[in-house]
Amino acid sequence: MQTVKPIIFLMLLLPFWSFGQKQYTLSGHIRDAANGEGLIGAIVQVEGQGVGATTNEYGFYSLTLKEGDYSLRYSYLGFASQTRKIDLQANQKIDIQLATEDIQMQEVIVTDTPPDQNVSSMDMGVSKMEMKTIKAMPALLGEVDVIRSIQLLPGVSTVGEGASGFNVRGGGVDQNLILLDEAPVYNASHLMGFFSVFNPDAVKDVKLVKGGIPAQYGGRLSSLLDVRMKEGNAKQFAASGGIGTISSRLTLEGPIQKDKSSFIIAGRRSYADLFLKLSGDEDMKNNQLYFYDLSAKTNFTLGPKDRLFLSGYFGNDAFRFQSSDGDFSAKLRWGNKTGTIRWNHLFSDRLFANFTGIYSHYDYLLGVPTGSQAFEWTSHIYNYSGKADFTYYLNVRNTLSFGANLIHYRFHPGEAKPLGNESFFNPYILQQQRGVEYAAYVDNEQSLGQRLSLQYGLRFSAYDFTGPQTVFDYEGPVGQRKKPVNERTYKAGESIALYTNLEPRFSMRYSLTPGSSLKASYNRMAQYVHLISNTTAASPLDIWAPSTNNIKPELADQVALGYFRNLNDDQIETSAEVFYKTMQNQIDYVPGAETLLNQQLEGDLLYGKGRAYGLELYVRKNTGRLNGWVSYTLSRSERKIEGINNHQWYPAKYDRRHMLSVVGIYALNKRLSLSGNFAYNTGVATTFPNARYEIDGGKLTVPHNTDGTRNNYRVPAYHRLDLSLTLQSKKNETRRWQGEWVFSVYNVYSRRNAFTVYFRQNDERDDITTQTEAVRLSILGSILPSVTYNFTF
């Protein structure tokens, strides 16, 4: 036994040692020859050696080899590969520009990953979607949408049409970390959830990570949605845009200094409010309903080892209703603002660093602008963060990542104030809340031969809830509203509650055959901010709350096992994954909880645990005239909260037992393509009454649940078919202008999918007893055709 420990210690140190021959480093960037954009995930393969490297988020690669002669193959699917022969006698830098291939009609490619990437990579529970694929899919009213597209992937769902956000593997909408160029986005929806905030013309890369999350990321329990913006065309000026049924958009990009710096600016606005002014109905004329967003990015090459990126997003939604007689009016506005500055620096050919400063702001406003009850209510969330990430390419078999970050939170839960001299509304302000989140991590991806690869890491996170703040403890019966006790006040910067967590991460890949592999992963995640919402679906008016002395951080542990196999010379990808996730400190609400403008909100919260488990099946065809995928998920998501459902497990409100998605894209010829989506989901869980109180001889009834069960019924199943037809203009080499018409039909057979079911009294009966009836509420219950014209020049 005494000899075993030294052997294990030597094995752990082995990756950091080099023996024998001298080693040199080959590094550089791989970019798109057409616009200079860095290619994420491009492959550098050492032919005949079984080793290689992939580019990072900035197109950088590094490969350390023994001295000698090598043949290197640079590739990226959809681009023509290049082969370079080198004599490696010293460190070398080789930058590569790959040109797109002339893809024939029978060789249509809908993915930008290598053919065997799903089998050979460490990725598990990872879905990467190219914008070309997203744009080819049918869209609601012609609006290409990142969020709606990922809802067709296995393990991803939503509670219904018009619901903001998405749910992953049984988690809530707030348990997804949504990043736009590394800045967190708190509400990723426009028009109350019908569209997302991401302008498709400004997006370069979309990646959803559901499991095996690297130690670099934390702060949410369920998933990471990483959206990267384009860098801008560094070769020549270009423009693109579209005119659609709901909105129009325009994107401009080009070089500031050719091959050294570039910019991109993309704007989008809906115009439903402009058509309302043409209405003959005076009430409709005075209404407003629109959204707009602006995305911008620029980058500068400062030298051979330095590059600077600046990016930002600004978006708003506005709604205003006013009656024709002016007796009543209301307004609602919400929006996101983000800003990111990043500095890439090469300390050496093997040490890549990225330093980032981030600003994020989400706010909303609700008000009645006129009358005796005129008021305006606002709420804000501010994030200021900085982080440093390092990647050290230790050798051909080990890539070490490490770094640290700090996030300062400032929450303004709500402030209501009267408007005008005639208003009798009393001003009301909720306490501001502050906190600081710290994290440091280390992670290593290690190859132990051609069959076995490991990725293991550890993340340390801490959250400090600080003053100035007056806080309480809460006491009361289980399952009921609790009263505040033990009031105490803290000074500015004084620590009120400090939480720390260790978050281990582990992933493994074992190649069974050249075309199949077995993968496993485990990760622990901690979440320090929480969405407070007791409605069926999240809305822009929901508030976010930090972890406090009463609200504990949410924790999740997830294990997953998957089998991956490619068929027919890598033309078809298949995978089967099972997962099991446990969650601690989950939040629910007492009956009749007041979540808005409630100074004692924490007294209305209940806590417990959750679990989710399931099977995800996925088949994808990447090439040929017909391509697309089929996904099926069998899963359960449950909660056990003290004081709810008799303290027994019950389905979460976003639990869906069966989820089936079918996506097909068919190239009829070089100019014409047809696509379709079909989705089927089990109805979401909801609580129905099993009895009623009758008042005044049955003239008034109140529905009631006698046994106190939660989510004891389900709304009818959700299913929908969408179709689209795309007609591209004839290509003319002498003309830069290219256009296409997109004809879409959403909800082809007019399915009235239930968003929720509510109960009301039917007073039309002849007898004295009032009948209680269930009513299905459908947000989109009819066929919705649309036409969009897209262009580039």
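Split the accessible area of the chain by element, probe 1.4 Å, and carbon with sulfur accounts for 57%.
Were the residues from Gln23 through Ser729 laid out at 0.36 nm apart, the gain over their Cα-Cα distance would be 248.9 nm. Here's the list of aspartates and glutamates a cross-link from Lys581 could span, going by alpha-carbon distance under 12 Å and ignoring same-chain residues fewer than 8 apart: Asp557, Glu638. What would the Debye equation give as log₁₀ I(q)/I(0) for the chain at q = 0.08 Å⁻¹, counting only Cα atoms as equal point scatterers? Values returned for q = 0.08 Å⁻¹ are -0.73.
Under the 0.36 nm per residue contour assumption, what length would be gained going from the current alpha-carbon distance of Asn598 and Tyr428 to full extension? Could you put the intermediate results ahead of the total?
Numbers: separation 170, 0.36 × 170 = 61.20 nm, distance 1.00 nm.
Contour length minus Cα-Cα distance gives 60.2 nm.
The residues of the chain have, on average, 43 Å² of accessible surface per residue, using a 1.4 Å probe with all protein chains present. Per-residue SASA remark: Leu310, around 70 Å² accessible (1.4 Å probe; ligands, DNA and RNA not included).
Rolling a 1.4 Å probe over the protein heavy atoms leaves Tyr438 with an accessible area of roughly 90 Å². Residues whose amide H falls under 5 Å from that of Ser261, counting only those 5 or more places apart or on a different chain, are Ile256, Thr301, with hydrogens built in the peptide plane. Annotation: Phe237 carries an accessible surface of approximately 100 Å², with a 1.4 Å probe and no ligand, DNA or RNA atoms counted.
Ranked by the mean number of other Cβ atoms within 10 Å of their residues, highest first, the peptides 126-132, 484-490 fall in the order 126-132, 484-490.
With an a/c value of 1.5 or above and a/b not larger than b/c for the gyration tensor axes a ≥ b ≥ c computed over the alpha-carbon atoms, the range 639-727 is described as oblate. Normalised by the number of residues in the chain, the mean separation of alpha-carbon contacts (under 8 Å, six or more apart) gives a relative contact order of 10 percent.
Students often check this: by mean Cβ neighbours within 10 Å, which of 170-183, 639-652 ranks highest, and how do the rest follow? Could the numbers behind the result be given before it?
Values: 170-183: 24.1, 639-652: 18.0.
Sorting 170-183, 639-652 by mean packing, highest first, produces 170-183, 639-652.
For the chain, take the longest principal axis of its alpha carbons; what is the angle in degrees between that and the long axis of helix 4-13, to the nearest 10 within 0 to 90? So the inclination is approximately 90 degrees.
Accessible area, 1.4 Å probe, largest first: how do Thr133, Thr500 sort? Provide the component values of the computation, followed by the final result.
Details: Thr133 5, Thr500 80 Å².
Result of the area sort, largest leading: Thr500, Thr133.
A Förster distance of 25 Å, applied to the separation of the beta-carbon atoms of Ser71 and Val619, puts the FRET efficiency at 0.10. Bridgeable aspartates and glutamates around Lys730 (alpha carbons under 16 Å apart, same-chain partners fewer than 8 residues away excluded): Asp102, Glu740. Here r is the Cβ-Cβ distance between Thr378 and His647 and R0 is 35 Å; the resulting FRET efficiency, rounded to 0.05, is 0.35.
Run the numbers for Lys491 and Trp343: contour at 0.36 nm per residue of separation, minus the present Cα-Cα distance, in nm. Don't skip to the end; give the middle numbers.
Working: separation 148, 0.36 × 148 = 53.28 nm, distance 3.61 nm.
Separation in residues times 0.36 nm, less the Cα-Cα distance, equals 49.7 nm.
Note on Lys552/Leu784: beta-carbon distance plugged into 1/(1 + (r/R0)^6) with R0 of 51 Å gives a FRET efficiency of 0.70. Sorting 726-737, 542-553, 148-159 by their mean Cβ neighbour count within 10 Å, with the most densely packed peptide first, gives 148-159, 542-553, 726-737. Each of Trp741 and Arg84 was given a label point 7 Å from its Cα along the Cα-to-Cβ line. The distance between the two points is 4.6 nm. Of Lys132/Lys210; Lys135/Lys609; Lys305/Lys731, which sit over 29 Å apart, Cα to Cα? With Cα atoms farther than 29 Å apart: Lys135/Lys609; Lys305/Lys731. Annotation: aspartates and glutamates with alpha-carbon distance below 14 angstrom to Lys417 (same-chain offsets under eight excluded): Glu376.
Volume per residue of the convex hull around the Cα atoms, evaluated for the range 588-744, comes out as 229 Å³.
The values are calculated or read from the model by the stated rules, or taken from the named source; none is laboratory data. Remember, it's a predicted structure, so these values are computed and weren't measured experimentally. Positions of Cβ are generated from backbone atoms using ideal geometry, with glycine treated the same way; all protein chains shown enter the neighbour counts. Surface areas here come from the heavy atoms of the whole protein model, side chains and all, with no ligands, DNA or RNA. Shrake-Rupley method; radii C 1.70, N 1.55, O 1.52, S 1.80 Å.
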